[in-house]
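Take a look at the structure below.
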Amino acid sequence: MNVVATAHTLLAPEAEWSHDGAFHIIEQLSKPIHRNLEPVGPHYLAHARRKRHHRTFSEDDRIVAAQQAKNVEDADSGEISEPEDPLLLSRDPKDWKNQDHYAVLGLSKYRWKATDEQIKKAHRKKVLKHHPDKKAAAGGIDDDNFFKCIQKAMEILTDPIKRRQYDSVDEFADVEPPSRKAKGNIYKLWNPVFDSEGRFSKKKPVPRFGDDKSTKPNVEEFYNFWYNFDSWRTFEYLDEDVPDDNENRDQKRHVERKNKAARAKRKTEDTARLRKIVDDALAMDVRLQKFRKEERLQKDAKKIAREAEEKRLAEEAKKKAEEDAKRKEEEEAAAKASKADAKKAKEAAKNAAKKNKRVLRKGAEDANYFHPDGAAPPDVINNVLADVELLITKLDNEELDVVAKKLAGLKVADDVKGVLVDSIHSTIGKGSAKESDYKILLQ
Amino acid sequence: MSDTDEPQQKTVIGIAFGNSNSSIAFTGPDGKAEVIANEEGDRQIPSVLSYVGDEEYHGAQAKSHLVRNPRDTIAFFRDYLGKSFAAVDPTNAHSSAHPIQHDTGVAFSVQEKTDADPATLSVSEVTTRHIKRLSDSAADFLGKSIDGCVITVPTDFSESQRKLLAEASKGCGLTVLQIIHEPVAALLAYAAREETSHPADKTILVVDVGGTRTDAAVIAARGGMYTLLATQHDYELGGRQFDEVLVDHFSKEFMKKHKTDPRENERSLAKLRLECENTKKTLSLSNSSQISIDSLAGGLDFHSSVNRLRYDLLSKKLVDQVVGLVESVVKKAEMDLMDINEVILAGGTSHTPKLALRIQQLFPATTAVQSPATTTTSLNPAELCARGAAIQASLIAEFDAEDIEQSTHPAVTVTPHLTKSLGVVITSPAGDDGKADDKVYVFLESETAVPARRTATFTGTNVGGDVLVRIVEAKKESVDVTPAKEAKEKVNGADDDEDDDDDDDEDDEDEKVIKRVTEVERVIAEALLKDVKKGAKVEVMLNVAGDLTLTVTARVVGGQGGVRGTVPGPAL
Ligand SMILES: Nc1ncnc2c1ncn2[C@@H]1O[C@H](COP(=O)(O)OP(=O)(O)O)[C@@H](O)[C@H]1O
């Protein structure tokens, strides 16, 4: 078995393998096409040997198999057939300039649209039918006039330059533009005209006239294209024959000049003609009015929308102002309230402080100013009260509150003194007073 | 074993039966085909018979009688075989015996014997006589009687034409083993040179530019078997038209000097034509050629010369037509010119250098164009059909009639072909985003006849771990790989050889570089190989059965086990 060693690398799985087993079917192969193998060469003969092993093939098999196979040879296409006009058949080949080359080959309905392939096929058909040798052999008259017409048509239609020159003046391919007053479906009226004129365009593709569904850019592009039409149309075909004998040089030059002038004139006329066609189409083009109307509607709609928007904005602004005012009021009220609260609290604190101070003083008084027996002498009372007052000044309201709470309920004089002394120590510790400031409590 | 046990070898030949020329070939004991020269030393034997006095002339001698004895000289008759009078184009026979209506077909009326009425020779009869002369020449050369032959015909030969040809051959006692298509024979002539039992899959274009017509065929060669994908013919384009441009050229020159048009006199025209054909052939080899005709017209001699440049210009339109035919047949095959791997130029006119070069320009540099002007190893394009026929003849020499009948039976030849290429997805290297790289390695190209099987090995992955074998139908897509703007100027250099300007223009316009790459079209199935070592080789086999059942086998080379799976064929 023949194994090809490739230099390629296989894939790593992109995601977790989520199938049972190691093989996963997604689709079947595409359907095959039946074709005829050429029964030639050693490899085919090996194939045939395998295939017909132990088999014989009947005539039926042959027919069935042959019908299955795709045919690669074209069946003679009868598409190019037109009845031959007797007038055409009796044409004088010398008058080839006025000959309808497409009609001669039976391609009247294709004209400039005929492909090279069609021209070739059409020509062959005509040759088979009209070759003079055949007519002579069949005992007919030895008349090769129409055959000459066929050859001339072929010569012109297979030469790209000559074909263009002929197509340029092929009036059978022209589509008459409708008059400006024409009634009816403008798309049916104009599309064929522009499709036909489009054959002369150097630029491809040529935009079509379109229909009522064409967008504004399409239509604009269309007119833009046609007002700037770049045409290859030329008028050499209508030239007057130039005498080609050398004797008459002046005459020759004269005819050449005349031809040149005539071509230029025709070209100018053609440009003007096309311009008029485009003008006419433009004048009749209801889509333009439609677009204008649509635009106006759009503009109106925009205006309405703008006004609505403005109104909405104004309303919004008003609402906002109202809300702002309300909020401000509320805030002010709240501020006032909180101010009152603060005042109350302050007062309460003040009262509490007063009360606490009283507790401290009362504590000293209740403990008989820490005098052991009998009524305390006035200097002791003064000193104790002075110390307590000093302590009070050194304590802030909270500390005062703490001390007052500790004192509450204490009956024993030493306990009361202890609390006061602790508190004095802590104020000294904080450095807000000195030991020496106190007169008696620390002794 | 004694020598007498050897079966008596049959002597068989190949015949290329052309409208203008025929040739004969045989395959020697070394298996190489060789073209045989007739008694006059011609390998290209004009398919012409001429009756002069009581003599029958054949080949080159008969052809020379076109000047003095045109009405009794029969030429260009092959394509008339089996056709009705209404369906034949008498143009080519205008300067020789004219075809006439006869029974249901065509005949020629010639003065076969001096003292009898003109004889009416049907095309079949003429064909019989022509083949007899060819067969005699071959027998003469080989020193043995001929037991059978293979004959080539154009692809548009109908079944009834083939039948008549076989009968005509039988008429002179030569058995036709098989009638084969000219482009396929040409292909076989080249294929026989490749010494491999596994010929590469290729799509081949055969362009046969003969004397009176040009035929083009696109052929799929898959595993050494051939399938015609499309054919196209131009019956009004061939070597005769190339002769004609020289005839016109020299006639004008003659007229300028002598004020007489040699084309107006039948005999002068015939003389000029024959000489122009020789001039044309000389121009295929050298840069200029002389022409010299005694008493061309009005008793005046004509001597002139023409160079190749001039000739190329004169024949440009004809070459354009060949190019057009090539483009149209490839289009008809629904392919891109870039998908053609090889071009074989056949037929005498393919010697023309300009023609071959213009065709070469149509294709990328990777496409080999087989012709004397483009490859040094090419075979003689005029001999391809005879060689191919001789090779085929040697292959079936020992077959009996029943064998051949069955081997060429449509029940065997008509085969399902894949419509899509089948392969596995590969990782493409990162360079330029991998845009210009194949995404799929193709095992079986589209248009492969089934059953068919291919095997290939790959690197598992570069990191190790699990490997995914994703089997897909692939399509080809064009990718623009034009290198970034560079100084592309100055390629043509100074125009010192003032070669045909138009061609240079075409080159300049076409500066895009397009590459065809394979892309995934449809995923058919996936197979998973577990834990493959880094860098290990994986072998994949795809086997498509006659009913389009696909069997996939994947295994690590040198490893254990593997994965095998089957995708049932599509409902037909
Ligand atoms: N060396 C050559 N150069 C150019 N044309 C040639 C050459 N040799 C033969 N021909 C032309 O090839 C034509 C014959 O080709 P051939 O394949 O034999 O034709 P056919 O298939 O019609 O029998 C003739 O027109 C002949 O002039």
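A few remarks follow.
- Around A:Ala413: net Lys/Arg minus Asp/Glu count, Cβ-Cβ under 14 Å: -2
- Simple spin-label estimate for B:Thr455 and A:Arg52 in nanometres, 7 Å along Cα-Cβ: 3.0
- Per residue, the convex hull spanned by the Cα atoms of segment A:91-216 measures out at 146 cubic angstrom.
- Modelled FRET efficiency - R0 35 Å, A:Asp270 with A:Lys188, Cβ distances, 0.05 increments: 0.90
- Once you reduce segment A:316-379 and segment B:167-242 to the center of their Cα atoms, the two points are 119 Å from each other.
- Viscosity 0.692 mPa s, temperature 37 °C, Stokes-Einstein D of the protein assembly as shown from Kirkwood C-alpha radius, µm²/s: 87
- For segment A:146-295, the ratio of Cα radius of gyration to the globular rule of thumb 2.2 N^0.38 Å stands at 1.34.
- Note on A:Lys326 and A:Asp116: the model spin-label points, each 7 Å out from Cα along the C-beta direction, lie 8.4 nm apart.
- Candidate lysines - alpha carbon under 16 Å from B:Lys170, same-chain residues fewer than 8 apart omitted: B:Lys132
- Direction-averaged projected area, Cα convex hull, segment B:71-185: 8.3 nm², rounded to one decimal.
- Full-stretch length increase - A:Ile33, A:Ser196 - with 0.36 nm per residue and alpha-carbon distance subtracted: 54.6 nm
- Local electrostatic count at B:Gly239 - Lys and Arg +1, Asp and Glu -1, tallied over other residues with Cβ under 10 Å: +1
- Alpha-carbon spread of segment B:39-123, three principal axes, descending order, Å: 36, 33, 19
- Cβ-based net charge around A:Glu332, under 14 Å, with every Lys or Arg adding one and every Asp or Glu removing one: +1
- Cα-based Rg / Dmax (Å) for chain B: 27.8, 94
- Reach of A:Lys318 by Cα under 28 Å, taken over lysines that are not fewer than 8 positions away in the same chain: A:Lys302, A:Lys303, A:Lys326, A:Lys328, A:Lys336
- With bins 10 Å wide beginning at 0, the percent of Cα pairs of segment A:16-164 falling in each bin runs 8, 24, 17, 13, 17, 12, 5, 3, 1.
- Burial order of peptide ranges B:113-124, A:399-410 (average beta-carbon count within 10 Å, highest first): A:399-410, B:113-124
- All Cα-Cα distances of segment A:307-382, cut into 10 Å bins from zero to the largest, leave 15, 18, 15, 13, 11, 9, 8, 6, 4, 1 percent in each bin in turn.
- Applying the Kirkwood pairwise sum to the alpha-carbon positions of segment B:357-415 produces a hydrodynamic radius of 14.6 angstrom.
- Square roots of 5 times each gyration tensor eigenvalue, C-alpha, segment B:263-302, largest first, Å: 22, 11, 5
- Mean residue ellipticity, 222 nm, helices only, the protein assembly as shown: the sum of -39500 (n - 2.57) across DSSP H runs of n ≥ 4, divided by residue count and rounded to 500, is -13500 deg cm²/dmol.
- Cα-Cα over 25 Å, subset of A:Lys188/A:Lys293; A:Lys120/A:Lys265; A:Lys109/A:Lys129; A:Lys152/B:Lys317; A:Lys350/A:Lys405: A:Lys120/A:Lys265
- Couplings 3J(HN,Hα) for segment A:280-294, derived from phi with the Karplus relation 6.51 cos²θ - 1.76 cosθ + 1.60 (θ = phi - 60°), are 4, 4, 4, 5, 8, 6, 5, 5, 5, 4, 4, 4, 4, 4, 4 Hz, where x marks Gly and Pro.
- Here the extension length gained between A:Asn218 and A:Ala333 equals 34.7 nm, from 0.36 nm per residue of separation less the Cα-Cα distance.
- q = 0.15, 0.20, 0.23 Å⁻¹: log10 I(q)/I(0) that the Debye formula gives for segment A:314-443, counting C-alpha atoms only: -0.73, -1.09, -1.31
- Rounded to the nearest whole Hz, the Karplus-based 3J(HN,Hα) values (6.51 cos²θ - 1.76 cosθ + 1.60, θ = phi - 60°) of segment B:282-293 follow the sequence 4, 5, 6, 10, 10, 7, 8, 9, 8, 9, 8, 10, with x at glycine and proline.
- Packing-based order for A:378-389, A:266-277, using average beta carbon neighbours within 10 Å, highest first: A:378-389, A:266-277
- Residues of type lysines that A:Lys439 reaches as a straight line, Cα spacing below 16 Å, ignoring anything fewer than 8 places off in the same chain: A:Lys394, A:Lys417
- Taking the C-alpha atoms only, the angle from helix A:378-394 to the longest principal axis of chain A is near 0 degrees.
- Computed from the C-alpha gyration tensor, the three semi-axes of the ellipsoid equivalent to chain A are 121, 45, 22 Å, from longest to shortest.
- Sorting the Cα pairs of segment B:177-263 by distance into bins of 5 Å, from 0 upward, gives 3, 12, 17, 15, 12, 10, 8, 7, 6, 6, 4, 2, 1 percent per bin.
- Of B:Thr376, B:Ala168, B:Gly546, farthest towards positive along the dipole that unit charges on Lys, Arg, Asp, Glu beta carbons give chain B: B:Gly546
Laboratory data are not the source of any read-out in this text; all were calculated from the coordinates shown. Just so it is clear, the model here is predicted, and its values are computed rather than measured. We place every Cβ from the backbone using ideal geometry, glycine too, and count neighbours over all the protein chains shown.
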